[in-house]
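The structure appears below as structure tokens.
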């Protein structure tokens, strides 16, 4: 699909230019949620709010999400239910050829979504998301 190769406006390019610790120092951490419209085009989900604050955040209602992007956090997680319930955690696949860190297997679904803009929740459709959580530092729970 052609959509996979599109750059995410306002986010860094994929590869070595991914933002890491410098984003934390500048306070520029953020997330973006994208849905597919009826023509198969990515649409930025507006009104997410508080995307630069770590912790659990409930969305108003729920959002249909196809692709997820984040910069500046150690990792983020997405959930089907409000309250960031572990039972409702969503997995996503990295759709780049490789990831900048060798410690993740990009051929396997991931629940902790590291910085980048090529996280797809489903290759062909939108998935309902009700809450999200991002952390500035790794937390082992």
Exercise. Does residue 120 satisfy being crowded, with 18+ Cβ neighbours inside 10 Å and without any contact (Cβ under 8 Å) to a residue 24 or more places away in the chain?
Worked result: no
Seminar exercise, completed: Restricting attention to the stretch 80-107, the residues that are within 28 Å of residue 41 (Cβ to Cβ) and without any contact (Cβ under 8 Å) to a residue 12 or more places away in the chain number exactly 3
Exercise. In this structure, does residue 62 turn out to be under 18 Å from residue 137 (Cβ atoms) and modelled with pLDDT under 90?
Worked result: no
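Every residue, every condition in (1) in contact with a helix residue (DSSP H, G or I) (Cβ under 9 Å, 6 or more places away or on another chain); (2) at pLDDT 75 or above; (3) more than 22 Å from residue 85 (Cα to Cα), yes or no:
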residue: 5; (1), (2), (3): no, no, yes
residue: 11; (1), (2), (3): no, no, yes
residue: 14; (1), (2), (3): no, no, yes
residue: 18; (1), (2), (3): no, no, yes
residue: 29; (1), (2), (3): yes, yes, yes
residue: 43; (1), (2), (3): no, yes, yes
residue: 56; (1), (2), (3): no, yes, no
Seminar exercise, completed: Those residues of the stretch 33-79 which are on the phi > 0 side of the Ramachandran plot and assigned to a loop (DSSP other than H, G, I, E, B) amount to 40, 47, 49, 50, 72
Seminar exercise, completed: Selection over the stretch 83-103 where residues are in a loop (DSSP other than H, G, I, E, B) and farther than 18 Å from residue 126 by Cβ yields a count of 11
Exercise. If you scan the stretch 25-51, which residues turn out to be surrounded by 14 or more Cβ atoms within 10 Å (Cβ to Cβ) and either farther than 12 Å from residue 126 by Cα or within 13 Å of the chain's Cα centre (by Cα) (or both)?
Worked result: 29, 30, 31, 32, 33, 34, 35, 44, 45, 48, 51
For this session: For the stretch 112-136, enumerate the residues that are part of a loop (DSSP other than H, G, I, E, B) and closer than 20 Å to residue 52 by Cα.
Result: 112, 114, 115, 136
Exercise. Here are some residues: 76, 56, 84. Which one is within 21 Å of residue 137 (Cα to Cα) and surrounded by fewer than 17 Cβ atoms within 10 Å (Cβ to Cβ)?
Worked result: 56
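The values are calculated or read from the model by the stated rules, or taken from the named source; none is laboratory data. Because the structure is a prediction, the values reported are computed rather than measured. Backbone-built Cβ (ideal geometry, glycine too); neighbour counts: all protein chains shown.
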